[in-house]
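Visitor: Encoded as structure tokens, here's the structure I'll be asking about.
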Amino acid sequence: MASNLKFTKELITFLGKAVIALLETLIFTFIPRPRKNVAGEIVLITGAGRGLGRLLALRFAHLGSVLVLWDVNKEGNEETCRMAREAGATRVYAYTCDCSQKEEIYRVAEQVKKEVGDVSILINNAGVVTGGDFLNCPDDLIEKSLDVNFKAHLWTYKCFLPAMIANDHGHLVCISSSAGLIGVNKLADYCASKFAAYGFAESVFIETIVQKLKGVKTTIVCPFFINTGMFEGCSTVRPFLLPILEPEYVVEKIVDAILKEKVYLYVPRFLYFAMVLKSVLPVKIALLLSDFMGVFNIMDGFVCKKKKH
Ligand SMILES: NC(=O)c1ccc[n+]([C@@H]2O[C@H](COP(=O)([O-])OP(=O)(O)OC[C@H]3O[C@@H](n4cnc5c(N)ncnc54)[C@H](O)[C@@H]3O)[C@@H](O)[C@H]2O)c1
């Protein structure tokens with residue numbers, strides 16, 4: 001009897017809170033969600049030497065943030081540093097860091113804490129891709145993909161999350177991929193690393209909810225293919241639903257999601273629908289649809305840069 005009462009009470013509380021959350025979502029569908037101010041925040045971006053990382057640095061420079069730029073490519077990173085200063089950033093710090101090396105992450109993170117301070121926005125963006133049929137992928141490149149695209153996220157969280165918790169203030173940003181939502185032909189190790197990064201970020205997000213760490217936010221980003229050069233040669237046969245995205249557009253969406261403290265960002269929007277289809281369609285129909293969308297052959301024109309990482 002007592003347990004029935006307890007269940008009814010918990011059910012009513014849940015329904016009440018769910019209705020409030022639904023109303024809040026509805027309201028913010030029509031009026032734009034307020035954006036947070038990131039001026040003075042210490043933003044660390046891994047893989048800042050080119051592509052999305054560089055463009056993110058330039059956007060945060062405009063927004064008045066203190067920038068900490070990490071990349072294994074010293075020249076590219078210093079070029080981003082120079083561009084960020086030109087874009088208005090007054091405090092920019094470039095560090096050469098190979099994110100595939102745990103000890104190097106720990107060492108450079110200590111340097112950052114001493115020289116700059118507590119990182120309040122951590123953007124795990126550095127990424128590599130091998131591409132090709134799984135059995136032809138060399139072991140060292142598979143390990144590198146997992147080290148950079150996934151394990152680096154574990155180590156950077158270990159370095160910077162404690163201060164975020166202590167200050168009850170911080171934002172963890174995971175740049176995953178549509179390949180972290182749906183398996184892709186010729187991208188097995190890359191997909192594994194991106195699914196892992198997504199799962200890790202989502203699990204720590206749940207930890208922050210359970211531990212009532214209201215000041216520590218999470219944003220998980222899953223874009224489709226982007227024209228940065230990482231997937232050079234790849235093309236899409238249904239560009240109206242799954243276009244190859246322009247990096248400037250993706251970065252605008254990522255920064256907007258961070259400022260609005262959105263938890264999940266999939267770009268383009270069709271990916272949200274694709275996830276529903278993946279869950280509800282019979283496998284045979286889902287495979288036919290993937291084939292129709294050209295997803296099986298998307299890597300066909302890929303220009304392999306294996307020797308470069
Ligand atoms: N380009 C796409 O189509 C696409 C799509 C979805 C997700 N993503 C993800 O977005 C992120 C950025 O991709 P991008 O297109 O800008 O790639 P990019 O190749 O243009 O840039 C990646 C950056 O990461 C750096 N990097 C590589 N290995 C590193 C290491 N060991 N340590 C430190 N830095 C390292 C590179 O030097 C480079 O500056 C990646 O995580 C990628 O997986 C890309």
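Visitor: Can you tell me which condition residue 137 does not meet? The list is (1) without any contact (Cβ under 8 Å) to a residue 40 or more places away in the chain; (2) more than 15 Å from the ligand (Cβ to nearest atom); (3) in contact with a helix residue (DSSP H, G or I) (Cβ under 7 Å, 6 or more places away or on another chain), and all the others hold.
Guide: All conditions are met except number (1).
Visitor: Test each condition in (1) part of a loop (DSSP other than H, G, I, E, B); (2) surrounded by 18 or more Cβ atoms within 10 Å (Cβ to Cβ); (3) of a type outside the set (S, T, N, Q); (4) in contact with a Lys or Arg (Cβ under 8 Å, 6 or more places away or on another chain) for residue 229 and report the one that comes out false.
Guide: Residue 229 satisfies all of (1) part of a loop (DSSP other than H, G, I, E, B); (2) surrounded by 18 or more Cβ atoms within 10 Å (Cβ to Cβ); (3) of a type outside the set (S, T, N, Q); (4) in contact with a Lys or Arg (Cβ under 8 Å, 6 or more places away or on another chain) except (2).
Visitor: Shifting gears a bit: Would you confirm, using the coordinates I've provided, whether residue 250 is in contact with a helix residue (DSSP H, G or I) (Cβ under 6 Å, 6 or more places away or on another chain), within 16 Å of the ligand (Cβ to nearest atom) and either farther than 22 Å from residue 159 by Cβ or assigned to a helix (DSSP H, G or I) (or both)?
Guide: It is false that residue 250 is in contact with a helix residue (DSSP H, G or I) (Cβ under 6 Å, 6 or more places away or on another chain), within 16 Å of the ligand (Cβ to nearest atom) and either farther than 22 Å from residue 159 by Cβ or assigned to a helix (DSSP H, G or I) (or both).
Visitor: Report, by residue number, each residue of segment 194-228 that is of a type outside the set (A, V, I, L, M), without any contact (Cβ under 8 Å) to a residue 60 or more places away in the chain and farther than 22 Å from residue 118 by Cβ.
Guide: 194, 195, 198, 199, 202, 203, 222, 223, 224, 227 - these are the residues of segment 194-228 that are of a type outside the set (A, V, I, L, M), without any contact (Cβ under 8 Å) to a residue 60 or more places away in the chain and farther than 22 Å from residue 118 by Cβ.
Visitor: Do we find a residue being surrounded by 19 or more Cβ atoms within 10 Å (Cβ to Cβ), within 16 Å of the ligand (Cβ to nearest atom), closer than 21 Å to residue 251 by Cβ and of a type in the set (Gly, Ala, Ser) anywhere in segment 114-125?
Guide: no
Visitor: Check 94, 39 and return the single one that is closer than 24 Å to residue 248 by Cα, modelled with pLDDT of 95 or more, aliphatic (A, V, I, L, M) and within 13 Å of the ligand (Cβ to nearest atom).
Guide: Just one listed residue meets the conditions, 94.
Visitor: Moving to a separate point now. Of these, 264, 272, which one is within 23 Å of residue 126 (Cα to Cα) and of a type in the set (Ser, Thr, Tyr)?
Guide: Matching residue, one of 264, 272: 264.
Visitor: Considering segment 260-309 alone, what residues qualify as being in a loop (DSSP other than H, G, I, E, B) and of a type in the set (Gly, Ala, Ser)?
Guide: Those that are in a loop (DSSP other than H, G, I, E, B) and of a type in the set (Gly, Ala, Ser): 294, 301.
Visitor: Restricting segment 51-82 to residues that are under 16 Å from residue 124 (Cα atoms) and among the small types (Gly, Ala, Ser), which is nearest to the ligand (Cβ to nearest atom)?
Guide: Taking the candidates together, the pick is 51.
Visitor: Hey, another quick one. Inside segment 160-202, can you point out the residues that are among the β-branched types (Val, Ile, Thr) and farther than 20 Å from residue 144 by Cα?
Guide: 165, 173, 182
Visitor: Mind checking which residues of segment 86-105 are farther than 22 Å from residue 54 by Cβ and exposed (fewer than 14 other Cβ atoms within 10 Å of the Cβ)?
Guide: Answer for segment 86-105, where residues must be farther than 22 Å from residue 54 by Cβ and exposed (fewer than 14 other Cβ atoms within 10 Å of the Cβ): just 103.
Here's the yes/no breakdown for (1) within 16 Å of the ligand (Cβ to nearest atom); (2) β-branched (Val, Ile, Thr):
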position: 255; (1), (2): yes, yes
position: 264; (1), (2): yes, no
position: 268; (1), (2): yes, no
position: 276; (1), (2): no, yes
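Visitor: With touching a His at 6+ places or on another chain (Cβ under 6 Å) and closer than 27 Å to residue 261 by Cβ as the only criterion, which of 105, 121, 45 stands out?
Guide: 121
Visitor: May I ask you to verify whether residue 240 is among the aromatic types (Phe, Trp, Tyr), more than 14 Å from residue 179 (Cα to Cα), outside any helix (DSSP H, G or I) and touching a residue at least 24 places away in the same chain (Cβ under 8 Å)?
Guide: Here the answer is no, as residue 240 does not meet what is asked.
Visitor: Can you go through 234, 222 and tell me which one is closer than 16 Å to residue 126 by Cα, touching a Phe, Trp or Tyr at 6+ places or on another chain (Cβ under 9 Å) and hydrophobic (A, V, I, L, M, F, W, C)?
Guide: 222
The values are calculated or read from the model by the stated rules, or taken from the named source; none is laboratory data. Just so it is clear, the structure is predicted and the values come from calculations on it, not from any experiment. Glycine also receives a Cβ, built like all others from the backbone with ideal geometry; neighbour counts cover every protein chain displayed.
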